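What follows is one structure encoded as structure tokens, with my remarks underneath.
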Amino acid sequence: MNKKTIKDVDIKGKRVFIRVDFNVPIKNGVIEDDTRIVGALPTIKYAIEQGAKIILASHLGRPLKDKKKAEEKKMPYDASKYSLKPIAEHLSNLLGKPVNFEDSADPDGAASLVSAMDNGEVVMLENLRLHAGEEKNDDGYAQQLAGLADVYVNDAFGAAHRAHASTAGITKYVETSVAGLLMEKELNFLSKALNNPERPFVAILGGAKVSDKIPVIESLISRKVDKLLIGGAMAYTFFKAKGITVGKSLVEDEMLEKALEIETKAAESGVELILPTDHQVVDSYDPLNSRKTIPIEFTNKGLVGLDIGVETAAIFKQALEGAKTIVWNGPMGMFEEKPFDQGTIAVAEAVSEATEKGATSIVGGGDSVSAVNQAGLDDKISHISTGGGATLEFLAGEELPGVAALNDK
Ligand code: AMP
């Protein structure tokens, strides 16, 4: 990586502002998945060991946007859902030391708490997005945040595709801006896969929207991924484009031409594009009693495809055999509803088996990561990316503003 990291600078006794991504799912005050918090621990612990004064800052959800929506629809708005306080408590337990929480969303409110810090102490700011300046990348707000920092560390890979005050603007006002250890790990895994992959390199893409993934597909094809497996509702756009009936399955009609173009490009580049051969369907008129697995070409007008079938899962597994690099983003079906999680789980198992046989595997995106976690296979994947949008943008070959803003080595 060509960016400096926290290990390249002297942080002893300095106020080190660490932008973390603690945007984690919380229900009734309970954290449902703390992967992102655990992911940031190495950087935080390192800064503690070095005797820095650590100021942690993150966003959580979209409080101001949700408030506006609630007001427009005259619905109740629960401000407590957006506080980072439960996260500060959880982090304190993980670190085994106090994390002083600053309630005020105004950085000037945190100034006195920060000025009283001793070396090795940790302060956490309230949700950055409670301040309108954050998402607007407002200069004044960025300067206020910078006023709390001697050194800026970005460890929030999941937010690095956003040019916000705490991910980009702040770096204009702090002399030293470096990557955290999680950020470094993410960038190292992803850039190796993208720029210098050990081959065969197989990419698996799923989910509903082709449109969201077009830049990634094009980037992977131009980098001559060896095989591209496409599952999930995305595949139906490819089938419909070829004149195959997909019934009432989800299709993006505006993307039909693009799908054909992608197939042609893949063929010209020698990329093997593999689509499902069978799928689990239900009859749209009797969804609860009509589930069956059929070949794609047997899909009639009234059927909806909700998952890949067993034959496809076996074909995908075979395509992963011998792979040395695997990148996976997006579920193979409507995996939130059992039994339409079967295809996604089968792919998670196939990826973990290929990893055991020597492949480097990277899984990114909330849905595929939660499928891997649900299947208990998280420790069998080489790298579980904490980024969703950021991972996709990186794989699409785009520069991430939160990375670009850091000091070069
Ligand atoms: P995306 O945001 O494009 O990655 O899509 C993720 C969503 O796609 C998940 O919520 C899945 O339930 C959904 N999905 C994947 N395959 C299907 C399918 N065959 N039918 C309906 N939804 C699907």
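Details
- Condition check for S166 on (1) under 24 Å from I37 (Cα atoms); (2) among the small types (G, A, S); (3) out of contact with any strand residue (DSSP E or B) (no Cβ under 7 Å at 6 or more places or on another chain); (4) assigned to a loop (DSSP other than H, G, I, E, B): one failure, at (3).
- The residues in segment 198-220 that are surrounded by fewer than 21 Cβ atoms within 10 Å (Cβ to Cβ) and not small (G, A, S) can be counted, and the count is 8.
- The listed residue being touching a Pro at 6+ places or on another chain (Cβ under 7 Å) and either free of Cβ contacts under 8 Å to residues at least 40 places away in the same chain or closer than 18 Å to F17 by Cα (or both), out of A88, A70: A70
- Spans of helices (runs of 4 or more DSSP H) in segment 20-132 with at least 2 residues under 27 Å from the mean Cα position of the chain (by Cα): 35-49, 63-72, 85-95
- If you filter segment 25-40 down to residues that are within 30 Å of N195 (Cβ to Cβ) and buried (at least 18 other Cβ atoms within 10 Å of the Cβ), you find that the one that is modelled with the lowest pLDDT is R36.
- Residue count, segment 284-302 (criterion: more than 15 Å from the ligand (Cβ to nearest atom) and either assigned to a strand (DSSP E or B) or in contact with a Cys (Cβ under 7 Å, 6 or more places away or on another chain) (or both)): 1
- Output for segment 232-254, where each listed residue is more than 12 Å from the ligand (Cβ to nearest atom) and in a helix (DSSP H, G or I): F238, K240, A241, D253, E254
- Selected residue [within 21 Å of the chain's Cα centre (by Cα) and either within 12 Å of the ligand (Cβ to nearest atom) or crowded, with 20+ Cβ neighbours inside 10 Å (or both)] from G333, G305: G333
- Yes/no for E349 being touching an Asp or Glu at 6+ places or on another chain (Cβ under 6 Å), without any contact (Cβ under 8 Å) to a residue 60 or more places away in the chain and part of a helix (DSSP H, G or I): no
- Residue pairs whose Cβ atoms lie under 7 Å apart, separated by 6 or more positions or on different chains, with the first residue in segment 321-343 and at positive phi and assigned to a strand (DSSP E or B) and the second of a type in the set (D, E, K, R) and crowded, with 24+ Cβ neighbours inside 10 Å, do not occur.
- Of the residues making up segment 9-37, just one is free of Cβ contacts under 8 Å to residues at least 60 places away in the same chain and among the basic types (K, R), namely K27.
- Matching residues, segment 1-21, being closer than 21 Å to F394 by Cβ and of a type in the set (D, E, K, R): K3, K4, R19, D21
- Per this entry, A165 is counted among residues that are buried (at least 24 other Cβ atoms within 10 Å of the Cβ), free of Cβ contacts under 8 Å to residues at least 60 places away in the same chain and touching a helix residue (DSSP H, G or I) at 6+ places or on another chain (Cβ under 8 Å).
- Residue check for V9: surrounded by 14 or more Cβ atoms within 10 Å (Cβ to Cβ) and touching a Lys or Arg at 6+ places or on another chain (Cβ under 6 Å): no
- Residues located in segment 217-231, provided they are small (G, A, S) and either more than 14 Å from F316 (Cβ to Cβ) or away from the ligand (no atom under 16 Å from the Cβ) (or both): S219, S222
- Among the numbered conditions (1) within 16 Å of the ligand (Cβ to nearest atom); (2) more than 23 Å from V20 (Cα to Cα); (3) at pLDDT 95 or above, the only one that S352 does not meet is (1).
- Set I214, I204: member being over 26 Å from S284 (Cβ atoms), part of a helix (DSSP H, G or I) and within 16 Å of the ligand (Cβ to nearest atom): I214
- Residue in segment 285-296 that is modelled with pLDDT of 95 or more, over 30 Å from R223 (Cα atoms) and aromatic (F, W, Y) present: no
The values are calculated or read from the model by the stated rules, or taken from the named source; none is laboratory data. Since the model is a prediction, treat every value here as computed from it, not as a measurement. Virtual Cβ from ideal backbone geometry, glycine too; neighbours counted across all protein chains shown.
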